[in-house]
Structures are given as structure tokens and as C-alpha cells.
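Below is one structure, written out as C-alpha cells; the observations come after it.
The values are calculated or read from the model by the stated rules, or taken from the named source; none is laboratory data. Predicted, not measured: the structure shown is a model, and the values here were computed from it. Glycine gets a Cβ as well: all are built from the backbone with ideal geometry, and neighbour counts include every protein chain shown. Note: accessible area is taken over every heavy atom of the protein model, side chains too, but ligands, DNA and RNA are not part of it. Shrake-Rupley method; radii C 1.70, N 1.55, O 1.52, S 1.80 Å.
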Amino acid sequence: MTDLLLHGAEVLRPEGFAQEPIGIVAGTIGDADGARHVDLRGYRILPGIVDLHGDGFERHLAPRRGAMKNLGDGLVSVDAELAANGITTAVLAQFWSWEGGMRSPDFARRFLEALSATEGLRTEMLVQLRFESHLLEDYTAFEAAVAAFDVPYVVFNDHLPHAALAKGKKPPRLTGQALKSGRSPEAHLALLQALHAVTESVPEAVARLAARLADKGVKLGSHDDDSAATRENWRGCGLSISEFPETLEAAETAKAAGDPVVMGAPNVVRGGSHSGKVSAAEMVAAGLVDGLASDYHYPAPRQAVLRLVEDGVCDFAQAWALVSAKPAEVLGLKDRGTLEAGKRADLVIVDAQSGRIGATLVGGQVSFMAGDVAARFMG
């Protein structure tokens, strides 16, 4: 690992931008006098992006249905895409669900095994398991998988179509879901009805599992809170992180209780939710957001920062903190998220005018580099 002194660039420090050199020594930020100098005039050096939730990796693992032979090769491709988009720490959000296919428990185990076995990945990839709360018979197996693979983050989902099931109706898109799961429509409907029937037992089961996981240091959250009551219920079960709340009242309830709120960066880039839910940009403006995540599109965190600045929602430093310092705080990662002495040299080098990424470094090692920045490092 080569020690470096990067100079000439604007460096985003916790107190704001400064025109000063930044040293990289043994993979950390520090005094690098005597190290190799790299002239980065015309560029900005920013903390690496900490992506709190992304499932964009799925397209690399299964570009076509059934094409899931070697997940390790897919993860190498994920690594390259993450790096090219300035992401230095990525939380890969993997389902453990009744929905089947890539969201099945069997696939979740395959994914966990592949990630633990794949060598040479530059980006630090952490796992979030998204567990369907009504799978009461899976609780033991799920807890065992979390322990076996040292999963640091668990989010509880409830994607059951309760409204239709409560009325005795067939849920929308039943046949398509059944085909994806490998079940007949009749068998799939029977499963949904059986899961819906245990609804009253779910809160206590979640609370007990959450307490055991929390004792082991696992971060816990809920997904798609649609109301203040929903957020309060999940919080009562020990799930402190509110991921992608769908309404303003749900987000306000979370913040009032001191619970971190995570929103999708694509929501900001699009100018609103694709499904008519609350606007992430409006929530940022209201001070309700603790982190913007890639969700389904890895370029989105960087793009969201530029959009927030362009629309006058906040300045660049404030916007970048939503994809770096604040997400690191949510995850309890004290060694990254800001460019300070002693922290990991996780950083992104971007063109000061266009915002285009020229290089990404993780722990002082290059994970992505191209164009003029690459020429300067090689010169």
C-alpha cells in the first residue's frame, strides 16, 4: 500500500471545504510528509459514500430468471459498480421472504455463503437481511443464519396484501407472484392466507426476536412505515430505524422519538416517489432525514446530492453528509464517514465542476480510477 499526499484539491472536512493537502498513511488519513505527491487541482476530495440500503446487486446475481450459477462472479461485478459510483461501504439488502425466487430463504443462504467466500472485493459490503415478519415458522432458522454469518443489520418487512386477504379476495398480481415463487396460484394463495391468519401473534414474536438480536449488537429497523401508529408499533418491538417511511407523519413520529430515518435517493432524483408516497426532498428540507440510500440504483446517492444542491434544498456539505457522515452514524461506524485524522481513507475524488467521479479509494486502496485522475496518479 503506497502512502500518498493529495494536494491542490478542495477537501470536504467536517467543518466544510478547505484548500489543503490530505495524507493517506497505511490506509488511514494522517500526516503523509515524504509520501508520493499527487496534484489534484480542479477536483474535490469527499468522504466515501456509505450506502444504507441497496438491492441493485440483484441484477448482477441474476441478470435473467434462473441465471444464478456463480454468485461470486456477480458480486465482483457489484463491487465494480459500487466503486464507480463512489460507494465505499455498501449495505446489501437481501430478502428472506415468502415471495420466493431471489427473495426466498434458500437464496438468502446462497447469497450469504457467496459473500463470505468471495475474495478480492474492494468495497466493504455489509448485509441487511429483510425478514418477512409473518414467517413465524422461520424465526429459528433466520436467527441461526444471522448468527452464522454475523449479519449486522436486520429489517422487518410486512408485504402481505392484508386488505384483500381480510376480505377473502384474491390479491392483485397473484398469478405472477406464484410463478416467481415456483408455486401454483392455488398453493400461493393458501400460503398467503395462512400467514395472514397469524397476524395477532406477530408483534410479540418480533419483539422477542428483536430483543435477542439486539443483545448481539444487531441494528434493527422497519421498512415502509405507513403511519405514526405503524412506526410506534415497530418501535415498541425494538426496531429503532425507520427505513423508507411512506408518510410525513410516520417520519415525524420517528424523529420525535430519536429514531433514524432513511429515505431513498432515487426519490430525490426523480423529484418524488415513483409510487406516490412522501417526497424525500421535502423531508430533507424539514430536517427529517438521517441518510439517503441507493435503494435500487447505485448512481442515485451522488445524483441526489447534486439535485438537492441544484434545487436549493441544502448546500453541498449538508447534502453530502446525508450519504456519508450521517449514514455512518446510523450504522455505528465510527471509523468512516468524514475525512479526519485516524479514520479510514475512504474517499471519492470528483470533478469540481461536473461532479463526475474520477476515483474511489477504500482504506487507501483504489477501487475505481479513470480518466484524468488516473493519468495524474500514474504521472
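Taken over segment 1-13, the residue count meeting the criterion of being at pLDDT 95 or above and farther than 16 Å from LEU40 by Cα is 1.
Mind checking whether some residue in segment 128-146 is among the basic types (Lys, Arg), under 23 Å from the mean Cα position of the chain (by Cα), outside any loop (DSSP other than H, G, I, E, B) and surrounded by 13 or more Cβ atoms within 10 Å (Cβ to Cβ)? Yes, segment 128-146 contains a residue that is among the basic types (Lys, Arg), under 23 Å from the mean Cα position of the chain (by Cα), outside any loop (DSSP other than H, G, I, E, B) and surrounded by 13 or more Cβ atoms within 10 Å (Cβ to Cβ).
Taken over segment 90-111, residues that are touching a residue at least 60 places away in the same chain (Cβ under 8 Å) and either outside any strand (DSSP E or B) or within 17 Å of ASP158 (Cα to Cα) (or both) amount to 8. For segment 147-190, the set of residues classified as farther than 23 Å from VAL202 by Cα and β-branched (Val, Ile, Thr) consists of THR175 only. Elements of the type strands (runs of 3 or more DSSP E) sitting completely within segment 1-88 and holding at least 3 residues that are at negative phi and open to solvent by 20 Å² or more (accessible area, probe 1.4 Å): these cover 16-19, 36-39. Would you mind stating whether ALA108 is in contact with a strand residue (DSSP E or B) (Cβ under 8 Å, 6 or more places away or on another chain) and either farther than 24 Å from PHE244 by Cα or among the basic types (Lys, Arg) (or both)? No. Sub-8 Å Cβ pairs linking a first residue in segment 351-379 that is without any contact (Cβ under 8 Å) to a residue 60 or more places away in the chain to a second residue that is open to solvent by 50 Å² or more (accessible area, probe 1.4 Å) and among the β-branched types (Val, Ile, Thr), at least 6 apart or interchain, are ALA359/VAL366, ordered by first then second residue. Annotation for segment 295-318: at least one member residue is over 21 Å from ARG44 (Cβ atoms), touching a strand residue (DSSP E or B) at 6+ places or on another chain (Cβ under 9 Å) and open to solvent by less than 40 Å² (accessible area, probe 1.4 Å).
At least 1 residues being at pLDDT 95 or above, among the acidic types (Asp, Glu) and surrounded by 21 or more Cβ atoms within 10 Å (Cβ to Cβ) is the threshold, and among the strands (runs of 3 or more DSSP E) wholly inside segment 182-265 those reaching it are 241-243.
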